[in-house]
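Okay, structure first, notes after.
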Amino acid sequence: MLERIKELKKEIEEIVANSVEEAEGLRIKYLSKKGEISKLFEEFRNVSADQKKEIGQAVNTLKEFAQEKINLLREGLQEQETKGYGIDLTLPGESMKLGTRHPISIVKNEILEIFKRLGFVVSEGPEIEDDWHVFGALNFADDHPARDMQDTFFIQRDPDILLRTHTSSVQVHDMETKKPPIRTVTFGRVFRNEAISYRAHCMFHQIEGLYIDENVSFADLKQTLIYFAKEFFGENAEIRMRPSYFPFTEPSAEVDVSCSICGGKGCNVCKNTGWLEILGCGMVDPHVFEASGIDSKKYTGFAFGLGIERIAMLKFGINDLRLYFENDVRFLQQFESAH
């Protein structure tokens with residue numbers, strides 16, 4: 001039996017394998033339950049007592065040698081197979097952490113979906129505009145004091161090319177190229193030359209709506225905004241409208257929504273008034289219709305606009321507008337469950 005052990009050891013020393021499959025075949029040949037070394041253990045039962053110690057040690061040594069030899073063959077072959085990929089495919093995979101939507105995108109999408117349900121279509125336009133689409137067509141006279149309300153980034157003079165200060169310029173494009181009825185909502189970045197602080201920035205985002213048709217009234221505007229407030233802030237939300245002034249609407253109003261944080265009782269966020277200002281609106285001025293070639297005697301319409309950053313601050317309790325633009329991963333990760 002010792003001779004058989006020596007023969008098997010010599011045989012195992014000389015074995016080679018060209019693939020992982022061949023190495024597995026060798027393991028089965030020598031180490032499986034019906035393999036050559038297992039047969040030696042079966043024969044070991046018939047060995048005389050005085051030889052059991054010597055032969056037992058020899059068989060165990062052979063088994064360990066065979067296991068080590070075959071493992072080395074297998075590891076070498078696996079390394080060769082994965083070398084072409086530049087990575088070790090036998091290593092466990094690393095999970096990839098998914099990103100999150102920006103709070104501005106979350107709020108934008110939610111607002112747009114609300115107005116889509118009312119039949120509004122989404123319009124887009126350029127961020128670099130001319131004076132006509134940003135001011136002239138919207139009833140801003142050259143010396144109109146309302147121009148002072150919006151500090152503008154001018155790119156060139158004569159003709160005036162500038163970064164749009166509101167997305168109303170997209171509405172002008174729609175009125176110039178489309179025939180009523182028009183029901184559109186616009187989202188985009190706007191730019192104003194303002195000092196950056198926790199409550200102001202030189203760049204922010206707006207959503208503006210425009211509805212033009214025959215017999216559109218202020219009541220239609222009010223019902224639209226009530227529907228929006230209840231869909232976005234909750235069924236218990238209420239709005240109030242205060243007289244205001246905009247060059248492109250008459251009459252005009254500022255709209256407040258009941259504070260969803262304190263339920264209208266008064267808190268630091270609403271400055272103890274129970275109300276939060278969210279948007280401006282009004283009936284489109286006839287001069288704006290005429291500037292874009294729409295018959296102001298036949299058609300009426302309303303328009304409204306709101307800042308996304310402010311709405312997002314109310315929704316998520318954010319107290320510093322600058323956080324939106326810093327791309328701090330710790331800040332953005334808070335909104336993983338918000339979409």
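The values are calculated or read from the model by the stated rules, or taken from the named source; none is laboratory data. For clarity, every value in this text was computed on a predicted model and none was experimentally measured. As a convention, Cβ positions derive from the backbone with ideal geometry for all residues, glycine included, and neighbour counts pool all protein chains shown.
A few notes on this one:
- ILE28 part of a helix (DSSP H, G or I) and at pLDDT below 85: no
- Considering the conditions (1) farther than 18 Å from ILE294 by Cα; (2) in contact with an Asp or Glu (Cβ under 9 Å, 6 or more places away or on another chain); (3) crowded, with 16+ Cβ neighbours inside 10 Å, SER169 is excluded by exactly one of them, (1).
- Some residue of region 82-103 being under 30 Å from ILE226 (Cβ atoms) and either outside any helix (DSSP H, G or I) or among the hydrophobic types (A, V, I, L, M, F, W, C) (or both): yes
- Of the set (1) outside any strand (DSSP E or B); (2) buried (at least 22 other Cβ atoms within 10 Å of the Cβ), all apply to CYS281 but (1).
- PHE289 under 14 Å from LEU314 (Cβ atoms) and in a helix (DSSP H, G or I): no
- Residue list for region 230-261, restricted to those being among the acidic types (Asp, Glu), surrounded by fewer than 16 Cβ atoms within 10 Å (Cβ to Cβ) and touching a residue at least 24 places away in the same chain (Cβ under 8 Å): GLU238, GLU250
- Per-region count, region 180-229, residues polar (S, T, N, Q), exposed (fewer than 14 other Cβ atoms within 10 Å of the Cβ) and within 19 Å of PHE120 (Cα to Cα): 3
- Members of region 315-324 found to be surrounded by fewer than 21 Cβ atoms within 10 Å (Cβ to Cβ) and on the phi < 0 side of the Ramachandran plot, listed by number: LYS315, PHE316, ILE318, ASN319, ASP320, LEU321, ARG322, LEU323
- Picking from residues in region 14-23 that are at pLDDT below 85 and assigned to a helix (DSSP H, G or I), the one that is farthest from ASN60 (Cα to Cα) is VAL20.
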